[in-house]
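A.B. asks: Take a look at this one; I'll ask things after.
The numbers here are math on the coordinates, done by the rules we state, and not lab data. What you see is a predicted model, and the numbers here were worked out from it, not measured in a lab. Cβ: placed from backbone, ideal geometry, glycine included. Neighbour counts: every protein chain shown.
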Amino acid sequence: MASTGDLEPTHYPARRAAQVALHYLNTHHGSPFRVFGLQQVHKASAEDVAAGGRKYKLDFSVTDWGSGSAGPALRCSADVLFPRTERHSAPEVQLHCEALHQINSTAQEEDAFYQKYISPDSTVSARDIPDSFGNMSEEMQPFWRLARVAASFIMLRESSENTEFNMAKVASVTQQESSEEQLMLEFVVLLHDFPSQEIVQWKLLASWSPDRGVRVLQTEWQPRCPHATKPPN
Amino acid sequence: TMKGSIMGVLLVLALVVQDRLAGGLELKSYDYTKYHTMDEISAWMNQMEMENPDVVSSMIYGQTYEKRNIALLKIGLNSTTPKKAIWMDCGIHAREWIAPAFCQYFVKEILGSYKTDSEVNTLLKNLDFYITPVLNMDGYNYSWIDSTTRLWRKSRTPGTGNCTCVVVGISRNCCSEIYNGPSALSEPEAKAVTDFLGMHQNQLLCYLTIHSYGQLILVPYGHPNISAPNYDELMEVGLAAAKAIKAVHGKSYRVGSSPDVLYANSGSSRDFARLIGIPYSFTFELRDEGQHGFILPEDQIQPTCEEAYKGAMSIINYVHDKNFKSAAITVTATLWTTLTALWISRTNVI
């Protein structure tokens, strides 16, 4: 049913594959001060591969959400392979972005953020980032970005040609005891999947430091039945 | 005690005046850059009707599951002849708060400009606008309860039988976000719309349904194998609207049918509208593209509404001109013929 050969860049098959490449990019280059978003798909094609699966070739641009529309767009190319296996397995991504290391360094902010929260007395704990109106304090913004990067590990792993994930919100962040000089954070995130329109809840444990970047140590899918209780009249 | 009574009366009067003033002031400074509760929106609808009695009337056309009256604002200049109309609904999906915000903004814009802007005046003269600011009132109200209900999507009709979670690779027993109901049009809200569209189908030129998120303009149909007969024209009109949107704040909106751009979603009211013969049907998915998703920050309400307004007006003006410009040409031609005939007859009088 899916098309092979050149793909329309604005249509969903190319977009979904590009989002997968974005998740991959964020797992490698995301930080409390950097999250990449898809700006545009320029060219895309897909073909079935011998081992069973579909490989997408993509030419696209990304921007750093932190810089907003003022920021420069980075040109990227990626191969995204969706395996065709009995049980779902994660897509495989090969990615190259131009000038990745030329974008404005956030080392200073990262160090300041790290120093502030690596202290043994630090016990950050917060819920609903953002709140229902989209508000988020400035202090919480790096934590939101960290959650978004950590969630990218899950979104990447869970992606298929039939999904398109975004992070809807951070339900909670709870700082854990630092380990091996890494900030340890437990997040509960809500992911939104476009095709099914479902909201999926995951709990995860992530570590971060300026040197090692974001790593995800544990993930746990959480059942979500918030509507089991009747709302007040 | 006489003095006391007078003081009492004066106090009551003062309170009444203050209450009226406060009510008036509060209503007059309605903030279109903030999200509003269902009660606030209902009160605002009443205010729009009260303040603009010559162009605004309200109509109740159904009831929600929780027995709320589903109401629309009918906006247009009075006419002795039946008028063609534009339909716009917002808030079918509870969590898409920017959509009702846009409907309110749209109403404010046309009411604020029809007296001075000749283009808007012509639109209100020739067309009626049927605008439903919040279609899924129960769901919208529910999404305001607290942060755990913020991402609710559907109506409050309870699911029947076994609910299953539609989650990638996993199934559990809990209710799906997009449970579709036991049969087509089983939700009272959906039925209210389709009944209204059906009753007014000869009047309705254009059907617009407003959602978020994704920055998309979708054309019928939702099924991959069916195209609307005027698909090429719809795409052209949609692309022009996207261009108008981009000119405002630089945001790109993709244009296409759901199966192409998004995902197959049969049974949508937009497809129903096209199926029953409303020629121009579009779904708007407003900001953003996933960074904030459904929880669009309030500081983006104004720019989102500004660009969406231009997009909607691009479509509405096209539809209007298609139906009325040729009529204008006919009128003009008739006028010239009459004038010429008069002149000839005059000059021939000796």
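A.B. asks: Quick one: P(r) of the stretch A:10-124 from all Cα-Cα pairs, 5 Å bins, percents rounded to integers, in order of increasing distance.
C.D. replies: 2, 11, 19, 19, 15, 11, 9, 7, 5, 2, 0
A.B. asks: Excluding same-chain residues fewer than 8 positions from residue A:203, which aspartates and glutamates have a Cα within less than 13 Å of its Cα?
C.D. replies: Qualifying aspartates and glutamates at Cα under 13 Å: A:186, A:220.
A.B. asks: Then there's this: How many nm separate the modelled label positions at residue B:37 and residue A:67, each set 7 Å beyond the Cα in the direction of the Cβ?
C.D. replies: 4.3 nm
A.B. asks: Ranked by Cβ crowding within 10 angstrom, fewest neighbours first, how are B:143, A:196, A:77, B:212 ordered?
C.D. replies: On the way: B:143 23, A:196 19, A:77 16, B:212 27.
With the sparsest Cβ surroundings first, the list reads A:77, A:196, B:143, B:212.
A.B. asks: On to the next question. Taking the alpha-carbon distance from residue B:83 and a cut-off under 13 Å, which aspartates and glutamates remain once sequence neighbours fewer than 8 residues away in the same chain are dropped?
C.D. replies: Within the straight-line cut-off, residue B:83 pairs with B:128.
A.B. asks: What nm value, rounded to one decimal, do you get for the distance between residue A:48 and residue B:108 when each label is placed 7 Å out toward the C-beta?
C.D. replies: 5.5 nm
A.B. asks: Give me the one-decimal nm value for the distance between modelled label points at residue B:147 and residue A:177, 7 Å along each residue's Cα-to-Cβ direction.
C.D. replies: 2.7 nm
A.B. asks: On a 0 to 90° scale, report how tilted helix A:12-29 is relative to the longest principal axis of chain A, with both axes built from alpha carbons and the result rounded to the nearest 10.
C.D. replies: The two axes meet at around 40 degrees.
A.B. asks: What is the order of A:33, B:106, fewest Cβ neighbours within 10 Å to most?
C.D. replies: Values: A:33 20, B:106 24.
So the ranking, lowest neighbour count to highest, is A:33, B:106.
A.B. asks: Between their Cα atoms, which of A:57/A:169; A:169/B:34; B:84/B:322; B:74/B:115; B:115/B:243; B:74/B:310 are more than 22 Å away from each other? Don't jump to the answer; show the numbers that get you there.
C.D. replies: Details: A:57/A:169 30 Å; A:169/B:34 20 Å; B:84/B:322 12 Å; B:74/B:115 17 Å; B:115/B:243 27 Å; B:74/B:310 20 Å.
Too far apart for the 22 Å limit: A:57/A:169; B:115/B:243.
A.B. asks: Work through the residues other than residue B:139 whose Cβ is under 9 Å from its Cβ and net out their charges, Lys, Arg +1 and Asp, Glu -1. Walk me through the numbers before you get to the answer.
C.D. replies: Values: positive: B:95, B:153, B:154, B:156; negative: B:138, B:189.
So the environment of residue B:139 carries a net charge of +2.
A.B. asks: Turning to a different aspect of this structure: Can you give the charge dipole size of the stretch A:112-197 about its Cα centre, rounded to the nearest 20 debye, using +1 on the beta carbon of Lys and Arg and -1 on the beta carbon of Asp and Glu?
C.D. replies: 140 debye
A.B. asks: Considering Cα pairs under 8 angstrom that are at least six residues apart, work out the relative contact order of the stretch A:108-175 and quote it in whole percent. Walk me through the numbers before you get to the answer.
C.D. replies: Values: 41 pairs, mean separation 34.8, N = 68.
Result for the stretch A:108-175 is 51 percent.
A.B. asks: Sticking with this structure for a sec: Could you put B:150, B:95 in order, starting from the residue whose Cβ has the fewest other Cβ atoms within 10 Å? Don't jump to the answer; show the numbers that get you there.
C.D. replies: Working: B:150 23, B:95 28.
Going from least to most buried by this count: B:150, B:95.
A.B. asks: If you don't mind, another one. In whole angstrom, and with the biggest value first, how far do the Cα coordinates of chain A range along each principal axis?
C.D. replies: 56, 52, 33
A.B. asks: Over what distance in Å are the Cα centres of the stretch A:169-225 and the stretch B:109-124 separated?
C.D. replies: A separation of 50 Å, based on Cα centres.
A.B. asks: Further, regarding this structure: Taking the dipole about the Cα centre of the stretch A:5-221, with the C-beta of Lys and Arg at +1 and of Asp and Glu at -1, give me whichever of A:174, A:207, A:56 is farthest to the positive side.
C.D. replies: The listed residue farthest towards the positive side: A:56.
A.B. asks: List the lysines whose alpha-carbon lies under 23 Å from that of residue A:55, not counting same-chain residues fewer than 8 positions away?
C.D. replies: Those lysines meeting the cut-off are A:43.
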